[in-house]
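FYI, it's all coordinate maths here, none of it is from the lab. Please read all numbers here as calculations on a predicted model, not as lab measurements. Cβ sites come from the backbone with ideal geometry, for glycine too, and all protein chains shown count toward neighbours.
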Amino acid sequence: MGKDVLILAIESSCDETAAAVVKNGREVLSNTIYSQIDLHTLYGGVVPEIASRKHIEKINQVIKTSLKDAGVTIDDIDAIGVTYGPGLVGALLVGVAEAKAIAYATGKPLVGVHHIEGHIAANYVEHKELEPPYLCLVVSGGHTHLVKVNGYAEYEIIGRTHDDAAGEAFDKVARAIGLGYPGGPKVDKVSKTGRKDVLAFPRAHIEGCPYDFSFSGLKSAVLNYLNSCKMKQTAGHVEEEPKQGKTVYETVFSGNDMIDEEQGVTVADVAASFQEAVVDALVSKTMAAAKDFGYTKIAMAGGVASNSALRAGMKAACEANGYTLYYPSPILCTDNAAMIGCAAYYEYISGTRHGLDLNAVPNLKLGERA
Ligand code: KG4
Ligand code: ZN
């Protein structure tokens, strides 16, 4: 057995300032996350300028904490891993500049990591037996991909969204039904008390692209339904006064609030029916790809992979087909640096090294190298 490899990993691609220490790609010694969610909730979504400024303010402390929590010093670290794309350019730059400064000051190797590669690698932390090849459904706020994971740093995208990402659809629909930001976890929660079969929202089929996704039609169908309910209300002169003392983006509805009094349809019913349409699309396309390409191991990754209905739906489908399903704990599904440390380890042992000219690449493609 060779010497242990310790990676100090940094992630700042969106609204989480995160650092972690990961041993041999699979053991998380620390995972420090400073979430800016409360700050952005005020505006109903991530404000890039605010995200960058907050990353600058927090990053040193987050790194210090992660080293302390891991019980190591910078001298014990073998390499610095950092997300360099895709993401918000200003936010990415903070992590990349920090990682380069540490690499320069310590003389340690620098390993740039693709954010989605990190999400996929999060599966290795809790599933020590998981090894490529497998099929991975990546569902985050910015991406919806079906990926053939052929090796630890070998990816082939076989399905992608033509418009909104799954997480983006969750966030937009949550906002439309008055649940606020961040939408995914809120829709997940209220859906538990809703009826998923009360409204038949569309499932997109894209001719000639059996593994591709589209969520904008579904989002429009939900918005059209909400508008038609609003018009019915206005026609009956039952329009309510806006609730007092709330900003537009604050949560103004709960699951029990009525969307359609006449039909007895609640916010929770709309959320559950929408969520069912998303889950149905994600599960059916993943199963079709697994069958067509002969995969028996299926993994999920990204923020939406923590959705309880998606987990249940994918579990049932995998069991029915005799496939083994893997997904990370919720804290490793949403953005974190432990996943970047896992991916950085596999890049490091395969020889990937970046120079001090490493730059943030906001639209970096999976499998592309800087
Ligand atoms: O992977 P992630 O943390 O960031 C990106 O790389 O985009 O994913 C964030 C996305 C958001 O759109 C959020 O609403 C969604 O993941 N999300 C969920 C759940 N938890 C987070 N969507 C559905 N159900 C959840 N429980
Ligand atoms: Zn992410």
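Laid out as a table, the results:
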{"item": "Residue with peak Gaussian network fluctuation, the chain [Cα springs, cutoff 10 Å], from ALA103, ALA301, ALA288", "result": "ALA288"}
{"item": "At R0 = 30 Å, FRET efficiency that the Cβ-Cβ distance of ASN363 and LYS291 yields, to 0.05", "result": "0.40"}
{"item": "The chain: most fluctuating residue of VAL28, VAL82, VAL139 per GNM, C-alpha cutoff 10 Å", "result": "VAL28"}
{"item": "Gaussian network model of the chain, springs between alpha carbon atoms under 10 Å - residue of GLY118, GLY208, GLY141 with greatest fluctuation", "result": "GLY208"}
{"item": "Neighbour cut-off at most 14 other Cβ (10 Å), DSSP loop, GluC sites (Glu not before Pro), the range 267-370", "result": "GLU368"}
{"item": "Helical segments meeting 30 Å axial Cα length and Kyte-Doolittle -1.0 threshold in the chain (DSSP H)", "result": "48-70, 267-293"}
{"item": "For the range 278-334, average projected area of the Cα convex hull in nm²", "result": "3.4 nm²"}
{"item": "Computed over the range 1-47, Cα set: Rg, Dmax in Å", "result": "14.8, 51"}
{"item": "Antiparallel bridges, percent of DSSP beta bridges restricted to the chain (to nearest 5)", "result": "65 percent"}
{"item": "Cα-based shape type of the range 122-204, given that a ≥ b ≥ c are square roots of the gyration tensor eigenvalues and the cut on a/c is 1.5", "result": "prolate"}
{"item": "Ordering of 3-16, 89-102 by burial proxy (mean other Cβ atoms within 10 Å per residue, highest first)", "result": "3-16, 89-102"}
{"item": "Extension reserve of the THR73-ASN24 stretch, reckoned as 0.36 nm per residue once the Cα distance is removed", "result": "16.0 nm"}
{"item": "Residue-span extension gain [TYR104 to LYS3] - 0.36 nm each, minus C-alpha spacing", "result": "34.0 nm"}
{"item": "Overall form of the range 45-131 per C-alpha gyration tensor (a/c, 1.5; a/b vs b/c)", "result": "oblate"}
{"item": "Estimated D of the chain in µm² per second, where Rh is the Kirkwood radius over Cα pairs and Stokes-Einstein applies at 10 °C, 1.306 mPa s", "result": "74 µm²/s"}
{"item": "Largest-first principal axis extents of the Cα set of the range 134-330 (Å)", "result": "60, 32, 28"}
{"item": "Per-peptide average of other Cβ atoms within 10 Å, ordering 165-173, 221-229, 328-336 highest first", "result": "165-173, 328-336, 221-229"}
